[in-house]
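Asks: Supplied in structure tokens, the structure appears directly below.
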Amino acid sequence: MLDLSYVRDHLPEVEEKLRNRGMNPEELLGRFRDLDTRRRQAITSAETLKAERNKKSEEVGRRKRAGEDAAALMEETKGLREEGERQEKLAAQLEEELRSLMSQIPNLPHASVPVGRDEHSNVEVRRWGAPPKFDFEARPHWELGEQLGVLDTERAAKLSGARFALYWDLGAKLERALANFMLDLHTSQHGYTEVLPPYMVNSNSLYGTGQLPKFAEDLFKIEKHDLWLIPTAEVPLTNLYGGETLDESQLPLSLTAYTPCFRSEVGSYGKDVRGIIRRHQFQKVELVKFAHPDRSYEDHEQLTRDAEVVLQKLGLHYRVVTLCTGDMGFGSSKTYDIEVWLPGQQLYREISSCSNYEAFQARRANIRFRAAGKKKTEFLHTINGSGLAVGRTWLAIFENYQQADGSVVIPEALRPYMGVERITARKL
């Protein structure tokens, strides 16, 4: 959520940045002006009435002490009190409406974010490695996984419907090996503390990270409970400190978690239906940092590099792109997408999205820090990204390490976790 005073004092700038996001700012900010003006008028009126009532109450007391008639003045005081209470109630109502409106306004892009309408305006920052060269036609992961007997979407559909996957044997072990490899790397070398959070959270938590109320249809709700399946571990990790104040010395605070993620994929009908690109359930290792506002962009760069190291150690070619204003997520001020090369499909595919939210989530979840020697607290900045999406790393290994005979070589970094050097056809 944006700071109300900032929006009020910088309306032209806010309007321009919302236009850069491809929005019509008048739709939201026109209502903002009206609600904010009426709210401030109601507050001023309530305060004026209270002051007048207090003054008349003093006069009532003086008249009573002097034995004079104060009935008419008492009636005036009663009327002032009732009107003051009405104005206070109106101000509270407008405050709630304004808060609801503010929750619908996306974060403002950082000055370094390229302006553009969609993914075609994203800017490539760097590349690492090179695509593998094959002397045969590379196949997509869904063909390889099915032929090796380790990826089974048909039985998954029988159990749960479309957009689910089931892994067998070394396919399942590879998923587990990747998760352990990523967690070990981030905790032992990158300074993250591992957390195992709940996989269900309440509405307040999803509001804190910006999924509610705007993106409710993208989530899975548990009937008869105020609980939702998490779309990413970002939600429970960020809200761990909701309503709390950290010491400046604790920043940056770095957390990581491996969890399943659940998304309804509304609006993706017909997209990526083959393989395991876009599922209702998938697993991911998440990285979250709570950062000092003065250093959050340095920490954002570091978190992105931490995610990149996973791909480097696995020997997977990738590129990093800066998302343009029209392609960024709702709460982000700046986002890097890490896109891994998939030779079986001849394209780059996002495997991690690393974003700096600045104070947007912290303001919604009320997460603050106190600088050394100061009494006043301020909102910290939150940063998050995948480190990495495990399923997409799984398929990237299948497509990049496939062999002419259909087997898949295991990257050296994973062999201690797998106990084998390659995946061959499973014996049924």
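The values are calculated or read from the model by the stated rules, or taken from the named source; none is laboratory data. Note that the structure is predicted; figures quoted are calculated from it, not measured. Please note: Cβ atoms are built from the backbone with ideal geometry, for glycine as well, and neighbour counts cover all protein chains shown. SASA here: full protein model, heavy atoms, side chains in, ligands and nucleic acids out. Shrake-Rupley method; radii C 1.70, N 1.55, O 1.52, S 1.80 Å.
Asks: Quick one: dipole size for the chain, taken about the Cα centre, charges +1 on Lys/Arg Cβ and -1 on Asp/Glu Cβ, in debye to the nearest 20.
Replies: On the way: 60 positive and 64 negative charges, 116 e Å.
Dipole of the chain, to the nearest 20 debye: 560 debye.
Asks: What does the charge add up to near T377, with Lys and Arg as +1, Asp and Glu as -1, over the other residues with Cβ less than 9 Å from its Cβ? Write down the numbers at each step before the final one.
Replies: Working: positive: R368, R370, K374, K375, K376; negative: E378.
Every neighbour counted, the sum reads +4.
Asks: If each DSSP helix of 4+ residues adds -39,500 (n - 2.57) and the sum is divided by the residues in the chain, what number results at 222 nm, nearest 500 deg cm²/dmol?
Replies: Details: 13 runs with 178 residues, N = 428.
Value at 222 nm, helices only, nearest 500: -13500 deg cm²/dmol.
Asks: Which loop GluC sites (Glu not before Pro) in region 237-283, with loop taken from DSSP, have no more than 15 other Cβ atoms within 10 angstrom of their Cβ?
Replies: Numbers: sites: E244, E248, E265; in loops: E244, E265.
Taking region 237-283 and a limit of 15 other Cβ atoms within 10 Å, the loop GluC sites (Glu not before Pro) found are E244, E265.
Asks: Right, something else. Please arrange H190, H292, H10, H120 by accessible surface area, largest first, computed with a 1.4 Å probe and ligands excluded. Let's see the in-between values first.
Replies: Working: H190 40, H292 15, H10 70, H120 150 Å².
So the residues, ranked largest to smallest area, are H120, H10, H190, H292.
Asks: Could you give the length gained by full extension between R99 and R86, i.e. 0.36 nm per residue of separation minus their alpha carbon distance, to one decimal place?
Replies: Details: separation 13, 0.36 × 13 = 4.68 nm, distance 1.98 nm.
Extra length from R99 to R86 when fully extended: 2.7 nm.
Asks: Net charge within 11 Å of Q302 by Cβ-Cβ distance, Lys/Arg positive one each and Asp/Glu negative one each, not counting Q302 itself? Present the calculation step by step, with values, prior to reporting the outcome.
Replies: Values: positive: K289, R295, R305; negative: E298, D299, E301, D306, E308.
So the environment of Q302 carries a net charge of -2.
Asks: Residues of the chain: accessible area per residue at 1.4 Å, in Å²? It would help to have the intermediate numbers written out before the result.
Replies: On the way: 20780 Å² over 428 residues.
Counting only protein heavy atoms, the per-residue value for the chain is 49 Å².
Asks: While we're looking at this one, here's another question. Using DSSP to call loops (not H, G, I, E or B), can you name the chymotrypsin sites (Phe, Trp or Tyr not before Pro) in region 98-162 whose Cβ has at most 14 other Cβ atoms within 10 angstrom? Don't jump to the answer; show the numbers that get you there.
Replies: On the way: sites: W128, F134, F136, W142; in loops: F134, F136.
When the chymotrypsin sites (Phe, Trp or Tyr not before Pro) of region 98-162 are filtered for loop state and at most 14 Cβ neighbours within 10 Å, F134, F136 remain.
Asks: Can you tell me, using C-alpha contacts under 8 Å and at least 6 residues apart, the relative contact order of the chain as a whole percent?
Replies: On the way: 805 pairs, mean separation 87.0, N = 428.
Value for the chain: 20 percent.
Asks: Sticking with this one: Per-residue HN-Hα couplings for region 126-135, Karplus 6.51 cos²θ - 1.76 cosθ + 1.60 at θ = phi - 60°, whole Hz, x for Gly and Pro?
Replies: Result, ordered by residue: 6, 10, 9, x, 9, x, x, 10, 10, 9 Hz.
Asks: Shape call for region 104-168 from the C-alpha gyration tensor, a ≥ b ≥ c root eigenvalues: rounded (a/c under 1.5), prolate (a/b greater than b/c) or oblate? Intermediate values should be presented prior to the final figure.
Replies: Numbers: a/c = 3.99, a/b = 1.54, b/c = 2.59.
It comes out oblate by the Cα gyration axes.
Asks: Compare L49, L90 by solvent-accessible area with a 1.4 Å probe and give them largest first, with all protein chains kept in place. It would help to have the intermediate numbers written out before the result.
Replies: Values: L49 25, L90 55 Å².
The residues order as L90, L49, largest area first.
Asks: Just report the Cα centroid separation between region 37-102 and region 314-343, whole Å.
Replies: Centre-to-centre (Cα) distance: 55 Å.
Asks: Go through region 222-236 residue by residue and turn each phi into a ³J(HN,Hα) via Karplus (6.51, -1.76, 1.60, θ = phi - 60°); whole Hz please, and just put x for glycine and proline.
Replies: Running phi through 6.51 cos²θ - 1.76 cosθ + 1.60 with θ = phi - 60° gives 7, 4, 6, 9, 8, 9, 10, 6, 5, x, 5, 5, 3, 5, x Hz.
Asks: How large is ³J(HN,Hα), in whole Hz, for each residue of region 379-394 in order, when computed from phi with the Karplus curve 6.51 cos²θ - 1.76 cosθ + 1.60 and θ = phi - 60°, using x for Gly and Pro?
Replies: 6, 8, 10, 10, 9, 8, x, 7, x, 9, 5, 5, x, 6, 5, 4
Asks: Right, here's the next one. Order Y348, Y192 by their accessible area, 1.4 angstrom probe, all chains in place, largest first.
Replies: On the way: Y348 50, Y192 10 Å².
Putting Y348, Y192 in descending order of accessible area: Y348, Y192.
Asks: Between exposed trypsin sites (Lys or Arg not before Pro) in the chain, where DSSP calls loop and at most 16 other Cβ atoms lie within 10 Å, what's the longest gap? Walk me through the numbers on the way to the answer.
Replies: Values: sites that count: R117, K133, K214, K224, K271, R274, R278, R295, K374, K375, K376, R426, K427.
After excluding every exposed loop site, the longest remaining stretch is 1-116.
Asks: At a probe size of 1.4 Å, how large is the accessible area of E378, to the nearest 10 Å²?
Replies: Per-residue accessible area (E378): approximately 80 Å².
Asks: Using only protein heavy atoms and a 1.4 Å probe, report how much of E412 is accessible, in Å² to the nearest 10.
Replies: 150 Å²
Asks: Follow-up question, since we're still on this one. Once you charge only the Cβ atoms, +1 for Lys and Arg and -1 for Asp and Glu, what is the size of the charge dipole of region 336-402 about its Cα centre, to the nearest 20 debye? Mind dumping the intermediate values first?
Replies: Numbers: 9 positive and 6 negative charges, 161 e Å.
Using only the charged Cβ atoms, the result is roughly 780 debye.
Asks: Please compute the modelled spin-label separation between R8 and Q147, points set 7 Å along Cα→Cβ, answer in nm with one decimal.
Replies: For the pair Q147/R8, the computed spacing is 6.6 nm.
Asks: Rounded to the nearest 20 Debye, what is the dipole magnitude of region 274-390 about its Cα centre when Lys and Arg each give +1 and Asp and Glu each give -1 at the C-beta?
Replies: Values: 18 positive and 13 negative charges, 100 e Å.
Dipole of region 274-390, to the nearest 20 debye: 480 debye.
Asks: With angles folded into 0 to 90 degrees, how steeply does helix 11-20 sit against the dominant principal axis of the chain? Use alpha carbons for both and round to 10.
Replies: 20 degrees
Asks: Can I ask one more? Past the 32 Å Cα-Cα mark, which pairs from K56/K89; K158/K271; K133/K334; K313/K427; K221/K427; K221/K271?
Replies: Working: K56/K89 22 Å; K158/K271 20 Å; K133/K334 34 Å; K313/K427 30 Å; K221/K427 39 Å; K221/K271 23 Å.
Cα-Cα > 32 Å for K133/K334; K221/K427; rest within.
Asks: When the chain is treated as a GNM, springs tying every alpha-carbon pair under 10 Å, which of F164, F282, F360 comes out with the largest mean-square fluctuation?
Replies: F164
Asks: Ok, one more. Would you please classify the overall shape of region 145-302 from the alpha carbon gyration tensor, given that a ≥ b ≥ c denote the square roots of the eigenvalues, rounded means a/c under 1.5, and beyond that prolate means a/b larger than b/c while oblate covers the rest?
Replies: On the way: a/c = 2.36, a/b = 1.42, b/c = 1.66.
In terms of gyration-tensor shape, oblate.
Asks: Search the structure for amide H atoms under 5 Å from the amide H of S352, placed 1.01 Å from N in the peptide plane, and list their residues when 5 or more places away or on another chain.
Replies: For S352, whose amide H was placed from the backbone, the distant partners under 5 Å are I338.
Asks: Let a ≥ b ≥ c be the square roots of the eigenvalues of the Cα gyration tensor of the chain; is it rounded (a/c under 1.5), or, if not, prolate (a/b larger than b/c) or oblate?
Replies: Values: a/c = 2.65, a/b = 2.56, b/c = 1.04.
Prolate.
Asks: Toward the positive end of the charge dipole of the chain, about the Cα centre and with charges on Cβ (Lys, Arg +1; Asp, Glu -1), which of L49, P12, Q403 goes farthest?
Replies: Checked the options; the winner is L49.
Asks: Next up: Which whole-angstrom value gives the distance between the alpha carbon centres of region 373-428 and region 4-34?
Replies: Each part reduced to its Cα centre gives a spacing of 41 Å.
Asks: Now, a different point. In whole Å, how far is the Cα centre of region 215-272 from that of region 183-198?
Replies: 17 Å
Asks: Further question: Return the loop-located chymotrypsin sites (Phe, Trp or Tyr not before Pro) in region 221-280 (DSSP other than H, G, I, E, B) with at most 16 other Cβ atoms within 10 Å of their own Cβ; answer none if there are none. Let's see the in-between values first.
Replies: On the way: sites: W228, Y241, Y258, F262, Y269; in loops: Y241, Y269.
Within region 221-280, the qualifying chymotrypsin sites (Phe, Trp or Tyr not before Pro) (loop, at most 16 other Cβ atoms within 10 Å) are Y269.
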